[in-house]
Amino acid sequence: MKILVCISNVPDTTSKINFTSGDTKFDTTGVQFVINPNDEFGLTRAMWFKEKQGATLHVATVGGVGTEPTIRKALAIGADEAIRIDAEPTDGYFVARQLAEIVKNGGYDLIIAGRESIDYNGGMVPGIMAALLGMNFVNTCISLEIDENKVTAIREIDGGKEKIATSLPLIIGGQKGLVLESDLRIPNMRGIMMARQKKLQVVSAIDAPQATRDISFDKPAPKGQIKMIDSGNVGELVELLHNEAKVI
Amino acid sequence: MSVLVYTESENRKFKKNAFEVAAYAFEVARIMGTSVTAIAFHAEAPEDLGGYGVSRVLNVTTDTLQTFNARAYASVIAQAAQKEDATVIVISSSTDSRFLGAILAGKLKAGYVPNVVAAPESIAPLVVRRTVFSNKGFAHSQIDAAVSIIGVSNNAFGQKENAVEATVEGFEPTTSDSDFSTKSVEIDKVPGKTTIADADIVVSGGRGLKGPENWGMIEELAAVLGAATACSKPVSDLGWRPHSEHVGQTGKPVASNLYVAIGISGAIQHLAGVSASKVKVVINSDPEAPFFKAADYGIVGDAFQVIPELIEKLKEFKAQNA
């Protein structure tokens, strides 16, 4: 089995979000970039397939040279090879076209992407790829078992979960649940050393349209003053929620 | 050239978000000077959409399309869009809609913008405001493709009523075997339970509750309020509650009218995930908990005293206002 894990390079979840250049760009000053958490759960599951079922594991990202430390981390965790498509990932359709091209040429059986990147929250790249390639697709995937060609997956639905039967080739949009948080791996020194020797191929982007673009950004209005209620007077909260906030 | 809206149903009844996306589509159609056509699957009362501005309903009653299948449904919606010559398609932000929305965008080479929080800022070009960075920011996004898909954020636009006469038509799409190559085997869901995605009110518990055995009062508070229950990340990581209840940046987003956080300190990732909620109440024994800075109402106190009392007061309130 040949697996491709698609990785987004995103700000760490604790990052403060600011915008720059007249509110037209995300301000990366002082921001630490990491493997998108949803992708990291997928990468960790892919490592299981590599170690237990002998899968070959490649990772790919769409991004500039600045994303290479993040891809190297995926190699240090255990991916065999990496591909970087040299373009700015500003639109989901464009990114999906780039990755679909890699899938088409690479003969992958399983493509694992995250349910969404935690920066722009588009959540569309794996689904668009599935449509472009005519492949099976399971989104918000929280469990994945593969036996030869047969796939049993579980996806999270609103208020529960759904068990799905399908087959390879398959694309999934993964998230927490695919593996436990405690299963996530921190690269060790040996992994980091080995990652330096592994192949990181840089390819040019293919011609593809940008279907959307972000013109400008803004931040939520600052929160007004909180109203504190004495713990001995809980009835006041009920009264405020009814008469002032009008939510009950 | 109408605006097409996909209105979700469950057990043949429209979900709450169906009326919200219909109202949104009506607003888009009003600005464009056109009308709204809805696509529904096995809806019991498709004409109800007329209350929210839908003039025509294509109600699919094909046997094989009774239960949700993202690929098959996306294929049907794509066919409806082509039949209607729709340039704008409106969907919700439910898990199912986001699943099929991406497939639909790929099929139609459409520009898809999810998490949209307001009516379009302009129609030509189409510009919409959406949340980014897990609610820590907003983007004004322009769609440059021939077909646009707008995913409306839950609870962001409201179920605005616009009564029109809705005509209901059958619609017989063509499907192929490949549309059904992912099959639903089993659905594990408590019937009738309010979900985080649909709830007007969400009651959420954190590590401050000390253990899963103490969730009875959270459930009771939720029952009194007609609310869904949720939890913080540590609580789901510890296995006290299922992952489907985890709200926050890597869990589910919450956009309810009222969010009640009990024993949750308010990590930045949690605050991001719930910030779209309109009114936030924080109950915590630690007056320094960061959540107080992001809340509307706060009580510093022991949850084990405050919550039972709150339940009593709410019951009294309900009895008086019944």
Cα centre as origin, Lys/Arg/Asp/Glu Cβ charges: segment A:67-222 dipole, Debye: 420
Which of B:240, B:250, B:224, positive extreme of dipole for segment B:193-259 (C-beta unit charges): B:250
Compactness of segment B:255-308 as Cα Rg over 2.2 N^0.38 Å, two decimals: 1.04
Chain B - convex hull of the alpha-carbon atoms, volume per residue in Å³: 142
Inter-chain Cβ neighbour average for residues B:176-189, partner chain, 10 Å: 5
Signed unit charges on C-beta, dipole axis of chain B, positive-most listed residue B:53, B:101, B:140: B:140
Residues B:270, A:242, sorted so that the one with the fewest Cβ neighbours within 10 Å comes first: A:242, B:270
Relative contact order, percent, chain A [alpha-carbon distance under 8 Å, six or more residues apart]: 24
Highest-MSF residue in chain B out of B:269, B:82, B:249 [GNM, Cα springs under 10 Å]: B:82
Quarter of Cα convex hull surface for the protein assembly as shown, i.e. mean projection, nm²: 25.6
For residues of A:49-55, the mean tally of beta carbons on other chains within 10 Å: 0
Rh (Kirkwood; distinct C-alpha pairs) - chain A, Å: 19.8
Amide H contacts under 5 Å for residue B:115, placed H, 5+ residues apart: B:151, B:153
Surrounding net charge for residue B:69, when Lys and Arg each add one and Asp and Glu each subtract one, Cβ distance under 9 Å: +1
Segment B:267-298 versus segment A:155-207: alpha-carbon centroid distance in Å: 32
³J(HN,Hα) computed for each position of segment B:160-176 - Karplus, 6.51 cos²θ - 1.76 cosθ + 1.60, integer Hz, glycine/proline x: 6, 8, 8, 5, 9, 7, 9, 9, 10, 10, x, 9, 10, x, 9, 10, 10
Inter-part distance where segment B:77-144 and segment B:239-266 are each reduced to a Cα centre, Å: 26
Trypsin sites (Lys or Arg not before Pro) within segment A:1-57: DSSP coil, no more than 13 neighbouring Cβ in 10 Å: A:16
Debye, to nearest 20: dipole size of the protein assembly as shown, +1 on Lys, Arg Cβ, -1 on Asp, Glu Cβ: 1200
Per-residue HN-Hα couplings for segment B:65-81 [Karplus 6.51, -1.76, 1.60; θ = phi - 60°; Hz; x = Gly/Pro]: 10, 6, 10, 4, 9, 4, 5, 5, 5, 4, 5, 5, 5, 4, 5, 5, 4
Relative contact order (percent, whole number), segment A:140-187, Cα cutoff 8 Å, 6+ residue spacing: 38
Part-to-part distance (alpha-carbon centres) for segment A:1-75 and segment B:10-54, which is given in Å: 38
For segment B:20-117, alpha-carbon Rg over 2.2 N^0.38 Å: 1.03
Three semi-axes of the equivalent ellipsoid, segment B:173-308, Cα gyration tensor, whole Å, largest first: 31, 16, 14
Of B:189, B:136, B:210, the one that fluctuates the most in a GNM where chain B has Cα springs shorter than 10 Å: B:189
More than 12 angstrom apart: percent of Cα pairs within segment A:1-53: 70
For residue A:139, residues with placed amide H under 5 Å, excluding near neighbours: A:173
DSSP beta bridges in the protein assembly as shown [antiparallel fraction, %, rounded to 5]: 35
Value of relative contact order over segment B:88-247, rounded to a whole percent, pairs C-alpha under 8 Å and six or more apart: 17
Proximal lysines to residue A:16, defined as alpha-carbon separation beneath 27 angstrom and excluding residues fewer than eight positions away on the same chain: A:25, A:73, A:176, A:219, A:223, A:227, B:136, B:233, B:252, B:278, B:280, B:293
Angstrom value of the Kirkwood radius, inverse mean 1/r, which spans all Cα pairs in segment B:77-215: 18.3
GNM flexibility winner over chain A from A:210, A:175, A:225 (Cα, springs under 10 Å): A:225
In segment B:21-127, the GluC sites (Glu not before Pro) that fall in loop regions by DSSP, at most 16 other Cβ within 10 Å: B:44, B:121
Whole-Hz ³J(HN,Hα) from phi, Karplus 6.51 cos²θ - 1.76 cosθ + 1.60, for segment A:44-61, glycine and proline x: 5, 5, 4, 4, 5, 5, 5, 7, 9, 10, x, 6, 8, 10, 10, 10, 9, 9
GluC sites (Glu not before Pro) lying in DSSP loop within segment B:279-317, provided at most 16 other Cβ fall within 10 Å: B:288
Average other protein chain Cβ within 10 Å of Cβ, residues A:239-248: 6
Dipole of segment A:1-143, positive direction: furthest Cα of A:106, A:126, A:15, with charges on the beta-carbon: A:106
Residue B:53 long-range amide H proximity, modeled H, under 5 Å: B:162, B:164
Exposure proxy order (Cβ contacts within 10 Å, fewest to most) of B:39, B:31, A:128, A:226: B:31, A:226, B:39, A:128
Residue order, fewest to most beta carbons within 10 Å, for B:243, B:140: B:140, B:243
Electrostatic dipole magnitude of segment B:1-45 [Cβ: Lys, Arg +1; Asp, Glu -1; Cα centre; debye, to 20]: 60
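Coordinate-derived values only; no laboratory data. On a predicted model such as this, the values are computed, not experimentally measured, just so you know. We place every Cβ from the backbone using ideal geometry, glycine too, and count neighbours over all the protein chains shown.
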